[in-house]
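Here the structure comes first, spelled out in structure tokens, and everything after it is commentary.
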Amino acid sequence: LRNALSYSEMGLCAVDRSARRPRSVRSSRSRHLVTAAITLLLAGTSCAYFNTFYNAREHFKKAERMLEERNAREEESAGPTAAAIKQYDLTIEKCNKVIQRHGSSRWVDDAVLLIGKSYYERGEYPLAITKFEELFENFPDSKLNEEGQLYLAKSHIEMDRPASAVSILTTLYEAKPK
């Protein structure tokens, strides 16, 4: 007999439970859902942003390990391998995403420095110099400027500009607390 009765005849029909709730409960629940959705969206955006920078650093580290391994196997430094260059390219790509999408965040100076170091390691010294100068100009109080100045001096040395390198290193030395 039970099988012969439909669900609605047994009183088991689906009920729209929100229709039975007072309006204030429904709107309160909606507000909580909207608040939760916005919170997740913002947290997800922040995580995605940091994740992009984290991945950039990991690509850079991987390229550095490849370079160190190659230099350990060979007597002379032969420069980066094609695989290491690909990792530097990925570093530059990820850092540019951080700069373009999150230009006012606390990781932008890190991204600019990492791009400059990647260009340096690729042997693209004029591009590296441009990035290091961008770091100093846009982030004059950055804790990364000292490292950037060292790489800037190294870039000038690689471009056979020893006077520029000495000037940068002298300025850096004189700025150090005694």
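The values are calculated or read from the model by the stated rules, or taken from the named source; none is laboratory data. A quick note: this is a predicted structure, and the numbers were derived from the prediction, not measured. In this analysis, Cβ positions are derived from the backbone assuming ideal geometry, glycine residues included, and neighbour counts consider all displayed protein chains. All accessible areas refer to the heavy atoms of the entire protein, side chains included, with ligands and DNA or RNA removed. Shrake-Rupley method; radii C 1.70, N 1.55, O 1.52, S 1.80 Å.
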Packing-based order for 110-119, 88-97, 158-167, using average beta carbon neighbours within 10 Å, highest first: 110-119, 88-97, 158-167
Sorted by accessible area (1.4 Å probe), largest first, how do Glu76, Glu69 line up? Glu76, Glu69
When the charge dipole of the range 68-171 is computed with +1 at the Cβ of Lys and Arg and -1 at the Cβ of Asp and Glu, the Cα pointing farthest to the positive end, of Ala165, His102, Leu152, is that of His102
What does the convex hull of the Cα atoms of the range 75-178 come to per residue, in Å³, rounded to a whole number? 112 Å³
Exposure of Thr171 as accessible area (Å², to 10), given a probe of 1.4 Å and all protein chains: 80 Å²
